[in-house]
Amino acid sequence: MSGIRGIAGATILGDGRIVIILDMGSLVRGDWRARPMAEGVRERADRRTFALVVDDSITVRRVTQRLLERNGMRVMTAKDGVDALSILGEHLPDVILLDIEMPRMDGYEVPRTCAATSG
């Protein structure tokens, strides 16, 4: 995996699942944003990387938002997975930062729900 840009490695969770660890610095600096757009998706006027920060802690959301904005990213925030899904219904971020333990819908349920509704 060391040859794949943006992936720092992987780890094994206590339940045996494998989780990929992303290298955010490499992803932000990389040229992956020049990827071709999907059919039917209009080009955004704002070409900055668009991040969605999902965390139940207002402090973590604000600190992360400020950090990403200082690094040239456009950021939206959500307080939990349910709010994130409503944002995802109208916006397609380039990257999503998800907290694991949140009320209403946690960080594991969000991608599962997105995958189930997209196909």
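The values are calculated or read from the model by the stated rules, or taken from the named source; none is laboratory data. Owing to the predicted nature of the structure, the values given are computational and were not obtained by experimental measurement. Cβ coordinates were reconstructed from backbone atoms using ideal geometry, including for glycine residues, and neighbour counts include every protein chain displayed. Each accessible area value is taken on the protein alone, full model and side chains, heavy atoms only, with ligands, DNA and RNA left out. Shrake-Rupley method; radii C 1.70, N 1.55, O 1.52, S 1.80 Å.
Data table
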{"quantity": "Extension reserve of the residue 116-residue 69 stretch, reckoned as 0.36 nm per residue once the Cα distance is removed", "calculated": "13.8 nm"}
{"quantity": "12, 58, reordered so the largest accessible area comes first (probe 1.4 Å)", "calculated": "12, 58"}
{"quantity": "Kirkwood hydrodynamic radius (C-alpha pairs) into Stokes-Einstein, segment 40-119, 20 °C and 1.002 mPa s, D in µm²/s", "calculated": "164 µm²/s"}
{"quantity": "Accessible-area ranking of 69, 101, largest first, probe 1.4 Å", "calculated": "101, 69"}
{"quantity": "Label-point gap, in nm, between residue 92 and residue 19 - each point 7 angstrom along Cα→Cβ", "calculated": "2.7 nm"}
